[in-house]
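Take a look at the structure below.
Just so you know, all these numbers are worked out from the coordinates, no wet-lab data involved. Treat the numbers as computed from the prediction; the structure is a model and nothing was measured. As a convention, Cβ positions derive from the backbone with ideal geometry for all residues, glycine included, and neighbour counts pool all protein chains shown.
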Amino acid sequence: MREELKIFFTAVMFYTRIPCPSWVDHSPDYINKSVRYFPVIGWIIGILSGVGFLFGDWLISPLFGSLFFILISVWFTGAFHEDGFADVCDGFGGGWTKDQVLTIMKDSRVGTYAIVGLMLLLSIKVALLVELSSRYHSYIFLIILFNGLTLSRMMAATVIFTHKYVREDELSKAKPVAKSYSKTNALMVFLFGVIPTIAIVYLTGHWWWSLIPLPLYLVKIILSDFFKRKIGGYTGDCLGATQQLVEVAYYFVIVVLWKFI
């Protein structure tokens, strides 16, 4: 039990800025196993960000609520996934060969592709959140947000199980996670990932919510196959970009489905 608790806190330490007990360290073995709790990080960030939305909505409007939602998410994750998305924009936008792409993604400087990509990503996310907030009651809307942050992390984690990690340097902080395939990890990622979806189906009584993960997995397949064609697999930045793009795809799918149900 204590070992599993240490694995959980390792996930919290690795994926967020939330303080952890002093007995939790950066053990590669525990980082390796911590991927099983990646969707649970979505639960934690979902609760904190949901409070941020409620505060911004109460204080001013749903628009500010959406901005506060993103602000809290970025604050508690240290823009971990947004940084990965930005690096992917720069790397695949400016690199022609595998080595060029990997070198650019490793560069700490931010280029035009990253800036434009982040502006568009966050703008689309805010627009979709405002639209969703106008269509669902508050408690359902909050569960929808909670589910989006969870499913997007679940889909990003599945890339680890289906594709090869391509960086050869030992300095990459994602390398221990890249070795984390196991049946236990895969099963726990799936179980933790679908619990919020089951909750929405139960609370709304609409079975079609159970189909939402399917188009998200399709987005994951498209992204991971794109990474494989370009660089032969994935990097930690690719996982961050997958999480962000699947999250936006989740909000988009729900908004579009609303027109037909």
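Taking one quarter of the surface of the C-alpha convex hull of the range 70-220 gives a mean projected area of 10.4 nm².
Taking N as the residue count of the range 47-92, its C-alpha radius of gyration divided by 2.2 N^0.38 Å amounts to 1.36. How big is the gap, in Å, between the Cα center of the range 110-134 and the Cα center of the range 5-20? Using only Cα atoms, the two centres lie 28 Å from each other.
Note: relative contact order over the chain, using C-alpha pairs below 8 Å and six or more positions apart, is 26 percent. Arranged from fewest to most other beta-carbon atoms within 10 Å of their beta carbon, 59, 223, 145, 48 become 59, 48, 223, 145.
When you filter the chymotrypsin sites (Phe, Trp or Tyr not before Pro) in the range 185-261 for DSSP loop state and at most 12 other Cβ atoms inside 10 Å of their Cβ, you are left with 260. Under the combined filter of DSSP loop state and at most 13 neighbouring Cβ atoms within 10 Å, the range 117-167 retains these trypsin sites (Lys or Arg not before Pro): 135, 164. The count of lysine pairs in the chain with alpha-carbon distances below 14 Å, taking only pairs 8 or more places apart or on different chains, stands at 14.
Around the amide H of residue 165, modelled in the peptide plane, lie the amide H atoms of 234, all under 5 Å away and 5 or more residues distant in sequence or on another chain. Determine ³J(HN,Hα), in whole Hz, for all residues of the range 128-142 in sequence, where each value follows from phi through the Karplus function 6.51 cos²θ - 1.76 cosθ + 1.60 and θ = phi - 60°; x replaces Gly and Pro. Values, residue by residue: 5, 5, 4, 5, 5, 5, 7, 10, 10, 4, 3, 6, 5, 4, 5 Hz. The trypsin sites (Lys or Arg not before Pro) of the range 193-261 that meet both conditions, a loop assignment by DSSP and at most 15 other Cβ atoms within 10 Å of the site Cβ, are 259.
When each of 1, 154 is scored by the number of other beta-carbon atoms lying within 10 Å, the sequence from fewest to most is 1, 154. Going by a ≥ b ≥ c, the root eigenvalues of the Cα gyration tensor, does the range 16-113 fall in the rounded group (a/c under 1.5), the prolate group (a/b larger than b/c) or the oblate group? Verdict is oblate for the range 16-113.
Shape index of the chain: Rg/Rh, with Rg the Cα radius of gyration and Rh the Kirkwood radius from the inverse mean 1/r over Cα pairs, equals 0.96.
Remark: 3, 247, 131 ranked as 3, 131, 247, counting other beta-carbon atoms within 10 Å and listing the fewest first.
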